[in-house]
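Let me begin by presenting the structure, written as structure tokens, before commenting on it.
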Amino acid sequence: MTATLTPAQEAARMVDSLGPEALAKAQAYTTGGHWVLLGGVLVTVLVAVIMVRLRLLDRIAARFAEPRRFGPTLVVSAAFLVISTLIALPWTLYTDWHRERAFGLSSQPLGDFLGQMALSEAISTALGALFLAGVYALIRKTGKRWWMWSGGFAGGVTLLALLAGPPLIEPLFNEYKPVPPGEVRTALEEIAEDVDIPKDRIFLYDGSRQSDRFTANVSGIGPSARIAISDVALKQASLAEVRAVTGHEAGHYKLGHVWRYVVIFPLLAMLFFFLLDRLFAPTARALGSDASLDEPRGLPVFAVVGAVLGLLVTPLTNTLTRVGEAEADHYSLVTVNEPDALATALVKTAEYRYPRPSALEEALFYTHPPVEKRALRAMEWKAAHPKAEAPSAAAP
């Protein structure tokens, strides 16, 4: 008689089934990602030093008689975003394109990557410049409390992005079309009904264009909320796995996780702007900039302070995200009740998120609980909530 495996043994068996080579590759990718995070801060500092020493923004601002007005601020802000993107382009190509292809996580051609990047940067530049011009206007008009007003402004912009992103921005990068009729659509409609998302907002998109990762998502808020599943998931997953993963994503929506960020993000933005107010002058001196806080030519200083503070706050934001991911897993288990499928689907994500990090590595860098822990919780749920067996047919 075969001994019954404990939940911990089941979870370990699932992870071990990937094989030592795949696990080593996942560990290399994940650890490399930590260095990429740290390297990104250094690149930001390097870009800032180049821009300050060459006085690139100073030259643009000097073309305006009153560079502190809204129009010139908008132009200088847009110039900053474009120039910094171009200087950092080699780093971006390495981290976002070459590295993904090297680890077998993307097959996107370079031309398509650059085309989509150009589109993304055009949108980011237009919207980002408007946001920065708004922040500078608040600095000049609201006095010492500018950081509070700017945090609230950031919260409003976040809400607009959540509303506009799914219907207006995301279709620029991928093709979204209704999930074709069949058992997958029927299953997704049941999940959509549970979280009050209309059935006509269930989409399939060509996620394989950018990445070979197994994924689905529920995005947007209110009238823009929708369920979207990547074609990669349909190709690689069983029906039960699609249900389990979509149930997880629906859990984020039903549990209101997005509203946490609508509240938390403005508070973090206020903290950032408050610290920026205090740190701007010493950072500017360190970089060799003579810009003042209300001048857009000081944006390289903004970027350096933001990069360093962003790195320092990463463990906190990661912890908040991990809590939400664990809650969404639990929601899927309760509502969909596919513990085996949830666990096997999660194991498929181990190729880009090493499933057995140290406690310190998890606390500092992981946005999701480690895969083995998540599989363990699924197996514990399975043990505590056995499905009722179908009754046997009566003898004739």
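Against the test of being of a type in the set (Lys, Arg) and under 22 Å from Leu38 (Cβ atoms), the options Arg69, Arg99, Arg59 yield a single qualifying residue, Arg99.
Scanning segment 294-314 finds one or more residues that are at pLDDT 95 or above, in contact with an Asp or Glu (Cβ under 7 Å, 6 or more places away or on another chain) and surrounded by 15 or more Cβ atoms within 10 Å (Cβ to Cβ). Surrounded by 15 or more Cβ atoms within 10 Å (Cβ to Cβ), touching a Ser or Thr at 6+ places or on another chain (Cβ under 6 Å) and not polar (S, T, N, Q) - does that describe any residue in segment 84-101? Scanning segment 84-101 turns up at least one residue that is surrounded by 15 or more Cβ atoms within 10 Å (Cβ to Cβ), touching a Ser or Thr at 6+ places or on another chain (Cβ under 6 Å) and not polar (S, T, N, Q).
Residues that are more than 17 Å from the chain's Cα centre (by Cα), surrounded by 19 or more Cβ atoms within 10 Å (Cβ to Cβ) and under 18 Å from Val36 (Cβ atoms) within segment 348-361 comprise Glu351, Tyr354, Pro357, listed in sequence order. Residues that are surrounded by fewer than 18 Cβ atoms within 10 Å (Cβ to Cβ) and closer than 30 Å to Ala102 by Cβ do not occur anywhere in segment 195-204.
Could you figure out which of (1) surrounded by fewer than 19 Cβ atoms within 10 Å (Cβ to Cβ); (2) hydrophobic (A, V, I, L, M, F, W, C); (3) not assigned by TED's automatic domain parsing to the domain that holds Leu54 isn't true of Trp259? The one condition Trp259 does not meet is (3).
Selection of segment 37-68 for residues being part of a helix (DSSP H, G or I) and not aliphatic (A, V, I, L, M) yields Gly39, Gly40, Thr44, Arg53, Asp58, Arg59. Report yes if some residue within segment 248-256 is touching a helix residue (DSSP H, G or I) at 6+ places or on another chain (Cβ under 7 Å) and aromatic (Phe, Trp, Tyr); otherwise report no. No, there is no match, as no residue in segment 248-256 is touching a helix residue (DSSP H, G or I) at 6+ places or on another chain (Cβ under 7 Å) and aromatic (Phe, Trp, Tyr). Cβ-Cβ distances below 6 Å connect the following pairs, each with a first residue in segment 209-225 that is at positive phi, a second residue that is buried (at least 17 other Cβ atoms within 10 Å of the Cβ), and a separation of six or more residues or different chains: Gly220/Pro166; Gly220/Arg226. For segment 216-232, the set of residues classified as touching a helix residue (DSSP H, G or I) at 6+ places or on another chain (Cβ under 6 Å) and under 10 Å from Glu249 (Cα atoms) consists of Ala216, Asn217, Val218, Ser219, Ile227, listed by residue number.
Quick check: anything in segment 24-36 in a helix (DSSP H, G or I), under 20 Å from Val305 (Cα atoms) and in contact (Cβ under 8 Å) with a residue 24 or more places away in the chain? Yes: one or more hits. Residues that are of a type in the set (A, V, I, L, M) and either free of Cβ contacts under 8 Å to residues at least 40 places away in the same chain or not assigned by TED's automatic domain parsing to the domain that holds Val75 (or both): find the helices (runs of 4 or more DSSP H) completely inside segment 288-383 holding 3 or more of those. Where helices (runs of 4 or more DSSP H) fall fully within segment 288-383 and carry at least 3 residues being of a type in the set (A, V, I, L, M) and either free of Cβ contacts under 8 Å to residues at least 40 places away in the same chain or not assigned by TED's automatic domain parsing to the domain that holds Val75 (or both), they are 299-335.
The values are calculated or read from the model by the stated rules, or taken from the named source; none is laboratory data. Please read all numbers here as calculations on a predicted model, not as lab measurements. Every residue, glycine as well, gets a Cβ built from its backbone with ideal geometry; the counts of neighbours run over all protein chains shown.
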